[in-house]
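Colleague: I am attaching a structure below and will ask some questions about it afterwards.
The values are calculated or read from the model by the stated rules, or taken from the named source; none is laboratory data. Note that this is a predicted model, so its numbers are computed, not measured. All Cβ positions, glycine included, derive from the backbone under ideal geometry; neighbour counts span all protein chains shown. These area figures cover heavy atoms from the full protein model, side chains too; ligands, DNA and RNA do not enter into them. Shrake-Rupley method; radii C 1.70, N 1.55, O 1.52, S 1.80 Å.
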Amino acid sequence: MPPRPPSPALVAAYTAAGAWQTRTLLDTVRDAGVPSSPAVADQHEALSYRDLLDRASTLAAWLVDRGARAGDVLAVQTPSTVLLPTAHLACIAADLVLLPMSDHFGRSEVEHLTGTARARFLVLPSGSDPAGWRRRLPSVQLVGTPSR
């Protein structure tokens, strides 16, 4: 059963209290401050706000160029890396739905979640076998791993 949308009265109350904003996370990151300031980091790299927004924009455009349409699901299986916030912002920019998945999930979990969510795109951790996943998930249009 799909979730019910919040009532207009609830939206108004939460917005008036400052708990909800009309701005997206992407808007907030764009206005966060000095573009060269650190935004996100992992054990391999750190991105400034400018770099994070550039990568998110590039990923969003890349997905749209490959047929992503508003409402499509992008599944991302990743450890805690800068890919996750990048994909999140890319999904906001391209009006996609992000399905984040732990890199500890096995085949059955990934197959179940991508199938249930009707994911059209799947990004796997580096070192994964995209060809094997393409065979197991024929409904997923694009399967790949990020490159550095």
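Colleague: Give me the dipole magnitude in Debye, nearest 20, for the stretch 6-148 about the Cα centre, with unit charges on the beta carbon: positive for Lys and Arg, negative for Asp and Glu.
Modeller: It works out to roughly 380 debye.
Colleague: Accessible area per residue, 1.4 Å probe, Å², for the stretch 9-130: what's the number?
Modeller: I get 56 Å² per residue for this part.
Colleague: If you work out Rg/Rh (Cα atoms, Kirkwood Rh) from the coordinates, which of [x] 1.03; [y] 0.93; [z] 1.00 do you get?
Modeller: [z]
Colleague: Same structure again: In whole Hz and in residue order, list the ³J(HN,Hα) couplings for the stretch 29-44 that follow from phi through the Karplus curve 6.51 cos²θ - 1.76 cosθ + 1.60, θ = phi - 60°; x for Gly and Pro.
Modeller: With coefficients 6.51, -1.76 and 1.60, one gets 5, 4, 9, 5, x, 5, x, 8, 5, x, 10, 9, 8, 9, 6, 10 Hz.
Colleague: Taking only Cα atoms and a 10 Å spring cutoff, compute GNM fluctuations for the chain and point out the largest among 22, 78, 116.
Modeller: Most flexible of the set in this elastic network: 22.
Colleague: Carbon and sulfur atoms: what percent of the 1.4 Å accessible area of the stretch 9-148 do they account for?
Modeller: Answer for the stretch 9-148 is 54 percent, counting heavy atoms of protein chains only.
Colleague: Pick from 28, 58, 15 the residue whose mean-square fluctuation is largest in a GNM of the chain, springs joining Cα atoms under 10 Å.
Modeller: Greatest mean-square fluctuation among the candidates belongs to 15.
Colleague: Whose amide H sits under 5 Å from the amide H of residue 78, counting only residues 5 or more places off or on another chain, with H placed in the peptide plane?
Modeller: Result for residue 78 returns 101, 103.
Colleague: Cut-off 10 angstrom, C-alpha nodes, Gaussian network model of the chain. Which of 52, 137, 122 fluctuates the most?
Modeller: Largest GNM mean-square fluctuation: 137.
Colleague: Now, a different point. Please give me, ordered by residue number, the trypsin sites (Lys or Arg not before Pro) of the stretch 1-101 that lie in loop per DSSP and have at most 10 other Cβ atoms within 10 Å.
Modeller: In loop regions of the stretch 1-101 (DSSP not H, G, I, E or B), the sparsely surrounded trypsin sites (Lys or Arg not before Pro) are 23.
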